[in-house]
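Visitor: Okay, here's the structure, questions in a sec.
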Amino acid sequence: MSGYSRSEPLARTAREEANIRTAVTSASQSHRLPGDGMIDRRSPLRFSFDGKAMTGFVGDTLASALVANGVKLVARSFKYHRPRGIVTAGSEEPSALVEMRTGARREPNTRATTQELYDGLIANSQNRWPSLRHDLMSINQLFAPIFVAGFYYKTFMWPAKFWESIYEPMIRRAAGLGKSAELPDPDHYDKAWAHCDVLVVGGGPAGLSAALAAGRAGSRVILVEEDTLLGGRLLSDGGEIDGMDAREWLRSTTRELVSLPNVRIMTRTALFGVYDGGTYAALERVSDNVAMPDRHQVRQRLWRIVARRSVVTAGAIERPIVFPGNDRPGVMMASAVRTYVNRFAALPGKRLALFTNNDDGWRTAETIQRAGAHIVAVIDPRREVPAQHRRLVDTYDLRVLAGVVSDVKGGVDGVRSIVVTNNRNGQTQRIEADCLAVSGGWNPNVGLSCFHRGKPIWREDIAAFVPGGAPEGMATAGAANGELSLGACLRDGHSAGAKAAAECGAAGKPGEASKADEEGYGIAPLWHVKGKGKAFVDFQHDVTASDVTLAQREGFESVEHLKRYTTLGMATDQGKTSNINGLAIMAEATGRTIPETGTTIYRPPYAPVAIGAFAGHHREENFHAWRLTPSHHWAAKQGAVFVDTGLWKRAQWYPRAGEKDWLESVSREVLAVRNGVGFCDVSTLGKVDVRGADAGVFLDRVYINAFSSLAVGKARYGLMLREDGIVMDDGTTSRLAEDHYFLTTTTAKAGPVMQHLEFCRQILFPDLDVQLTSATDQWAQFSIAGPNTRKLLQALVDPSEDLTNEGFPFMGVREVKLRGGVIARLFRISFSGEMAFEISVPARYGAAMAENLMIAGKPYGVTPYGTEALGVMRIEKGHVAGPELNGTTTADDLGLGKMMSKKKDFIGRVMAGREALVAPNRQVVVGVKPTDKARRLRSGAHVVPRGEIPGPKTDQGYVTSVCFSPVLDQWIGLGLVERGRERIGEIVRIHDPLRSEDYEAEICSPVFYDPEGVRQRG
Amino acid sequence: MADFSWNTQSALEKALVPGRHGVAGTQAGVTLEEVRDISLVQVMARRGRAAETAKAAKKLFGIEPPRAPGAAVARNATLIWSGPDQFIVFSARQADGQFAKVSKAFAGIASLSDQSDGRCLIRIGGPRARQALAKFCSLDLDDKAFPLGAAATTSIDHTAMNIWRGADGTDGHAVFNMLVFTSFADSLWHTILDSSLEYGVQASSAHAA
């Protein structure tokens, strides 16, 4: 699933191409160190940033390559357009957001720190105009005093209508991040499931130890790591484990993990969600490390991982300190400085200052000195240099200042100097530096453990929150659990892995935990250095310390209110580097402790996930599954136009050469049926085999009319109600044997009716001996209609079959033998009002049936017809369908009240008798035809008494179904009209505000065609 | 008038294009095969007649139907669990009258429904079959969780699927049988094929044996 350097060139402008080619020859990497780190110097890569060609190496991220090229300015901030640089080296990056790729693949807000470098990579800065260096939008900074928290609420209150048309577009232009591509994403995404006993989240020292312990014990293990490489902080900080160099240990541990067949390692995979029942969601960046995915390969894959246990070893995130000027390019987290130097052999600055309040930050001094750069000063607010660092101070003759950084001077090129305020006397001094490494301590990554509302617990000794109340089955270990020394991480991870494996029943031995120093971690919390100038809490949303205190003054003291009022932590990084600082400043302002102040609720996703990954395969034509009728390919060959009805694709009409529009085709099909014969695939109707000794009794209970009295070999129209007395569905049901009924439903309700029937069978009537099977897909079913139907059928069936009125009466059903030997079921039922049969054969004969109907009917001009003609004929005949069975109508509303049996009980009977459902003024089904025969009737139009002004009080119903009737040569429709049946012949006003139409129509009988029903009994 | 010809058509008439698809290479990672000319009979015990149904099955097929999710292989048929007191009889389609013969054996003790045309049988095998399956099937199909003879009623693209593990392929890799609704088969074939393209696919159809 991984694989280095599958790079392919992508479409570039000639100029970009030329720029990139020049770059290969001119070494641009002014800040590249001689050491190797984890990059491959034999594999140089070309890339461009804002059109400037540069080079890097395989193993670089875009951020590390920019650092190596001496680039400090990479972005403009969200609100104030302040120049910004790279702050971190990980997925928590708040500032270094870039637009990746171009055209349809353009992707905004990509963290340069997680984007792997590939050959030909094109990235651009965002939210600036006309250029990153000269951003005219930075004028916003001048207005900074008014762009404070709650700015929108306060400023643009009035006039309200200006908001959408003027203010919002204006603000959106001025503030914002990158622009998304305007073309459809050409790449593919998919989703997959994975299963394991133990899921280990994070491949640092604790995660590796956990995976190894669980893997050795014999559990099925999945280890996910968002980075390209396993190792976590080991890749940056090294150390000594079991007497070997950390990288050597990493190699041997990885080797052992890979050798275990029960362990699966997934790199480039970030876990972002924790759901019920041990389900986790992760995003695998399959092809983000290449310009274009390989053919047949996806860009990203969304994983749903089902795990019996999980061990979260997601590490910790180093915390910035809030001080004036802390957002200048070149102010970087101390751990990130070590990562760039040690892992990527890239030096963020040549003269670095270090500002730390904890022992871990001090490691940076050694890294920088060893890299051959110069530490200009170490600023530590604590009174004394920790004992363990004295040696460092002596060795490198470090200048140590007991104080704080109170300002950072510089411009678009980044830090030029820092101002240090002495702790004891308050005196300030200015120190030249081009990079400031900052460490405010470490925040364990508690997010995943809090997704089920677990409340993190404050630990005073490390001045940080640790997990509290993780979801069932989840354990946390290592730095994520507040264990901040390498030795403790190894021990904690191993023990959590071994425990999880044992809980899953693994019987093997987890082996011994690896050993390393358990170095101490001293910290004196420092949240905020007060002073003039903007001190940023949330870099991505431009939220400053004064915004937090302003929120407090204005009464937004709860952290949840603070978040909404200032937008703190609401950017794409979800406040990974800012939330704790923000609430600490709020705690100080309100005089409460940090645990009293509390954290905001943690919710997934932990990291941004592209919508494409959630959609996966299900987009465009694959948006949902489709269903094809047995004669689909035959119909396609005839040139049928298809319509989506639910999941089905149905032939809507069959256009013929020379027909000018759909109406002409549909009218031809209707007349062909009325005057001759036609057929239509009706296989989409739901079909259910109802069997068992009590099948008849069962149907008596679900239908309003009786079915136990139906004779074998006969069909009957049935109507079923919901429990609340409203009509649920209708259809014909036939009795094929004493203990076998064949029930049909409408196309739309096939699924819900089957569910309803199963519910009735299993829950309501468990005593009945009845079995149900969906047979919808088993049968290809065709309606054959028109005066010549019998002639056509006679050619198709075996000569021994009697199809006369005597031999096959109306509503008769039986099996018939077809010429050629196939057995079919024949039903003498009619939806069109014509002499009609429905014939069904096993689905595999569906295409052959269509062809044979054409052959058998050729002498009679047989015409295939689609759903439109079907609809026209049912409206002409006054048959109700979906628009009338709309979840508001009773049997009586549909004119079928007499079908409700008084001799038996049935579902919906009692509730159908409620006052409002039997009220005399209900809207009932009637026919509607415009008085002007040339007028087109539209469904949805309202029915209003003549002479009344349309409005809610005068509204008396609406038109539900319309069609052009070629038989009557005018538009007709069905409608639901108040007291409609008493008003036949009345002229009403048809009011259609949607289409600005107003005209008159006559209320009439819904049966427009052959009201005596002579034709269908023919 | 002459007799009509009644050619049969598979639901995968258009969707299934035999041969190689997706990533090229010496060995296809996934083999997809539609098994045609199948006979499927849904057998559901009448109320209180489960034991007799099992007995009748034993008499007819020589084995008892599975009482829990699983597939029992007899000489001429496979009995696949499909729910409490019900199972599907899968066999190769023979001359007409097959359904009638089975019906007779269960007369009065079980309700039967012919589903031979209601479902489409797709077999997936090859070294990467499980990876492809993971994209459209949420079940754990690991050897430990889904051994030979395992069966499940599950979903694919929000519609029902019966899946069971038959004998391993001649290549030694696991083979999974997927029964899906006929009308969905065209759509689901595309889902399955698209999920498999990155591994290289060999597609074919075969008659049920």
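The values are calculated or read from the model by the stated rules, or taken from the named source; none is laboratory data. Nothing here was measured: the structure is a model prediction, and the numbers come from that model. Counting neighbours? That spans all protein chains shown, and the Cβs are built from the backbone with ideal geometry, glycine included.
Visitor: Among the residues of region A:863-899, how many are out of contact with any helix residue (DSSP H, G or I) (no Cβ under 7 Å at 6 or more places or on another chain) and hydrophobic (A, V, I, L, M, F, W, C)?
Guide: Number of matching residues: 7.
Visitor: Hey, can you tell me all the residues within region A:660-687 that are part of a loop (DSSP other than H, G, I, E, B) and away from chain B (no Cβ under 14 Å)?
Guide: Within region A:660-687, the subset part of a loop (DSSP other than H, G, I, E, B) is A:660-661, A:676-677, A:682-686.
Those that are part of a loop (DSSP other than H, G, I, E, B) and away from chain B (no Cβ under 14 Å): A:K660, A:D661, A:G676, A:V677.
Visitor: From the set of residues in region B:194-209 that are in contact (Cβ under 8 Å) with a residue 24 or more places away in the chain and within 11 Å of another protein chain (Cβ to nearest Cβ), which is surrounded by the most Cβ atoms within 10 Å (Cβ to Cβ)?
Guide: Filtering first and then ranking leaves B:S196.
Visitor: So, A:V198, is that one of a type in the set (V, I, T), away from chain B (no Cβ under 13 Å) and either out of contact with any strand residue (DSSP E or B) (no Cβ under 9 Å at 6 or more places or on another chain) or crowded, with 24+ Cβ neighbours inside 10 Å (or both) or not? Explain how you work it out, then say what you get.
Guide: Numbers: of a type in the set (V, I, T): yes; away from chain B (no Cβ under 13 Å): yes; either out of contact with any strand residue (DSSP E or B) (no Cβ under 9 Å at 6 or more places or on another chain) or crowded, with 24+ Cβ neighbours inside 10 Å (or both): yes.
Here the answer is yes, as A:V198 does meet what is asked.
Visitor: Also, quick follow-up: Only one of A:S64, A:S48 is crowded, with 24+ Cβ neighbours inside 10 Å, touching a residue at least 12 places away in the same chain (Cβ under 8 Å), on the phi < 0 side of the Ramachandran plot and over 31 Å from the mean Cα position of the chain (by Cα); which? Step through it out loud before you land on a result.
Guide: Values: A:S48 fails: crowded, with 24+ Cβ neighbours inside 10 Å.
Residue meeting the stated conditions: A:S64.
Visitor: Here's a follow-up. Tally up the residues in region B:142-166 that are more than 14 Å from chain A (Cβ to nearest Cβ) and free of Cβ contacts under 8 Å to residues at least 60 places away in the same chain, please.
Guide: Result for region B:142-166: 2.
Visitor: Still on this structure, I have one more. Of all the strands (runs of 3 or more DSSP E) wholly in region B:1-113, which have at least 1 residues that are over 23 Å from B:F181 (Cβ atoms) and more than 10 Å from chain A (Cβ to nearest Cβ)?
Guide: Values: elements: B:19-21, B:30-36, B:38-45, B:71-73, B:78-83, B:86-92.
Correct list: B:19-21, B:71-73.
Visitor: Just one of A:G70, A:G120, A:G103, A:G85 is more than 31 Å from the chain's Cα centre (by Cα) and farther than 24 Å from A:T567 by Cα; which is it?
Guide: Working: A:G120 fails: more than 31 Å from the chain's Cα centre (by Cα); A:G103 fails: more than 31 Å from the chain's Cα centre (by Cα); A:G85 fails: farther than 24 Å from A:T567 by Cα.
Exactly one residue qualifies, and that residue is A:G70.
Visitor: Please give the strands (runs of 3 or more DSSP E) falling wholly within region A:710-808 in which 1 or more residues are in contact with a helix residue (DSSP H, G or I) (Cβ under 6 Å, 6 or more places away or on another chain) and away from every other protein chain (no Cβ under 14 Å). It would help to see each step written out before you state the result.
Guide: Working: elements: A:715-721, A:727-737, A:740-744, A:771-774, A:779-785.
So the answer is A:715-721, A:727-737, A:779-785.
Visitor: Is at least one residue of region A:362-379 hydroxyl-bearing (S, T, Y), under 20 Å from A:R233 (Cβ atoms), under 45 Å from the mean Cα position of the chain (by Cα) and assigned to a strand (DSSP E or B)?
Guide: No, region A:362-379 contains no residue that is hydroxyl-bearing (S, T, Y), under 20 Å from A:R233 (Cβ atoms), under 45 Å from the mean Cα position of the chain (by Cα) and assigned to a strand (DSSP E or B).
Visitor: Do you know which of the residues in region A:809-822 that are touching a strand residue (DSSP E or B) at 6+ places or on another chain (Cβ under 8 Å) and within 14 Å of another protein chain (Cβ to nearest Cβ) is nearest to B:D3 (Cα to Cα)?
Guide: So, considering only residues that are touching a strand residue (DSSP E or B) at 6+ places or on another chain (Cβ under 8 Å) and within 14 Å of another protein chain (Cβ to nearest Cβ), the one nearest to B:D3 (Cα to Cα) is A:R819.
Visitor: Restricting to region A:604-653, count the residues that are on the phi > 0 side of the Ramachandran plot and out of contact with any strand residue (DSSP E or B) (no Cβ under 7 Å at 6 or more places or on another chain).
Guide: Adding up the residues that qualify gives 3.
Visitor: If a residue has to be buried (at least 20 other Cβ atoms within 10 Å of the Cβ) and farther than 13 Å from A:V322 by Cα to count, how many in region A:541-551 make the cut?
Guide: 2
Visitor: What are the pairs with Cβ atoms under 6 angstrom where one residue, in region A:862-877, is crowded, with 24+ Cβ neighbours inside 10 Å and the other, located anywhere, is at pLDDT below 95 and not aromatic (F, W, Y)? Sequence gap at least six, or different chains.
Guide: Note: pairs meeting the criteria are A:M873/A:S832.
Visitor: Which number in (1) within 11 Å of chain B (Cβ to nearest Cβ); (2) part of a loop (DSSP other than H, G, I, E, B); (3) exposed (fewer than 15 other Cβ atoms within 10 Å of the Cβ) marks the one condition that A:A657 misses?
Guide: Only one criterion in (1) within 11 Å of chain B (Cβ to nearest Cβ); (2) part of a loop (DSSP other than H, G, I, E, B); (3) exposed (fewer than 15 other Cβ atoms within 10 Å of the Cβ) is unmet by A:A657, namely (1).
Visitor: Considering only residues of region A:619-632 that are part of a loop (DSSP other than H, G, I, E, B) and more than 8 Å from every other protein chain (Cβ to nearest Cβ), which is nearest to A:R301 (Cα to Cα)?
Guide: Out of the qualifying residues, it is A:R619.
Visitor: I want to confirm something. Restricting to region A:283-308 and keeping residues that are within 13 Å of another protein chain (Cβ to nearest Cβ) and of a type in the set (G, A, S), which single residue is nearest to A:D190 (Cα to Cα)?
Guide: A:S287
Visitor: Sticking with this structure for a sec: Looking at region A:950-973, can you tell me whether even one residue there is touching a residue at least 60 places away in the same chain (Cβ under 8 Å) and aromatic (F, W, Y)?
Guide: Scanning region A:950-973 turns up at least one residue that is touching a residue at least 60 places away in the same chain (Cβ under 8 Å) and aromatic (F, W, Y).
Visitor: Based on this model, can you work out whether B:R123 counts as assigned to a strand (DSSP E or B), of a type outside the set (S, T, N, Q), more than 30 Å from A:V690 (Cβ to Cβ) and more than 10 Å from chain A (Cβ to nearest Cβ)?
Guide: The answer is yes for B:R123.
Visitor: Now a separate question. Do we find a residue being in a strand (DSSP E or B) and closer than 21 Å to B:D117 by Cβ anywhere in region A:641-649? Let's see the steps before the verdict.
Guide: Step one: of region A:641-649, the residues in a strand (DSSP E or B) are A:641-645, A:648-649.
If we keep only those that are closer than 21 Å to B:D117 by Cβ as well, we get A:648-649.
Scanning region A:641-649, I find at least one residue that is in a strand (DSSP E or B) and closer than 21 Å to B:D117 by Cβ, so the answer is yes.
Visitor: Hey, another quick one. Would you mind stating whether A:D739 is outside the structural domain of A:G908 (by TED's automatic domain parsing) and under 17 Å from A:E884 (Cα atoms)?
Guide: In short, no.
Visitor: When the residues of region A:688-709 are filtered to those that are outside any loop (DSSP other than H, G, I, E, B) and within 11 Å of another protein chain (Cβ to nearest Cβ), which remaining residue is surrounded by the most Cβ atoms within 10 Å (Cβ to Cβ)?
Guide: Residues of region A:688-709 that are outside any loop (DSSP other than H, G, I, E, B), as a first pass: A:688-691, A:695-702.
From what is left, the residues that are within 11 Å of another protein chain (Cβ to nearest Cβ) are A:688-691, A:695.
Numbers: A:V688: 23, A:D689: 24, A:V690: 28, A:R691: 24, A:A695: 26.
Once the filter is applied, the top-ranked residue is A:V690.
Visitor: Among the residues of region A:807-861, what is the count of those that are among the acidic types (D, E) and surrounded by fewer than 22 Cβ atoms within 10 Å (Cβ to Cβ)?
Guide: 2
Visitor: Okay, next question. Take the residues in region A:592-611 that are of a type outside the set (S, T, N, Q) and more than 24 Å from A:P94 (Cβ to Cβ); name whichever of them is surrounded by the most Cβ atoms within 10 Å (Cβ to Cβ). Outline the logic, then answer.
Guide: Residues of region A:592-611 that are of a type outside the set (S, T, N, Q), as a first pass: A:592, A:594-596, A:598, A:601-611.
Add one more test, that the residue is more than 24 Å from A:P94 (Cβ to Cβ), and what stays is A:592, A:595-596.
On the way: A:R592: 14, A:P595: 16, A:E596: 10.
Once the filter is applied, the top-ranked residue is A:P595.
Visitor: So A:Y606 clears everything in (1) within 14 Å of chain B (Cβ to nearest Cβ); (2) touching a helix residue (DSSP H, G or I) at 6+ places or on another chain (Cβ under 6 Å) except one condition, right? Which one?
Guide: Failing condition for A:Y606: (1).
Visitor: Continuing with the same structure: Does A:V446 satisfy the criteria of being touching a Pro at 6+ places or on another chain (Cβ under 7 Å), of a type in the set (V, I, T) and surrounded by 15 or more Cβ atoms within 10 Å (Cβ to Cβ)? Lay out the reasoning, then the answer.
Guide: Numbers: touching a Pro at 6+ places or on another chain (Cβ under 7 Å): yes; of a type in the set (V, I, T): yes; surrounded by 15 or more Cβ atoms within 10 Å (Cβ to Cβ): yes.
So A:V446 passes the test.
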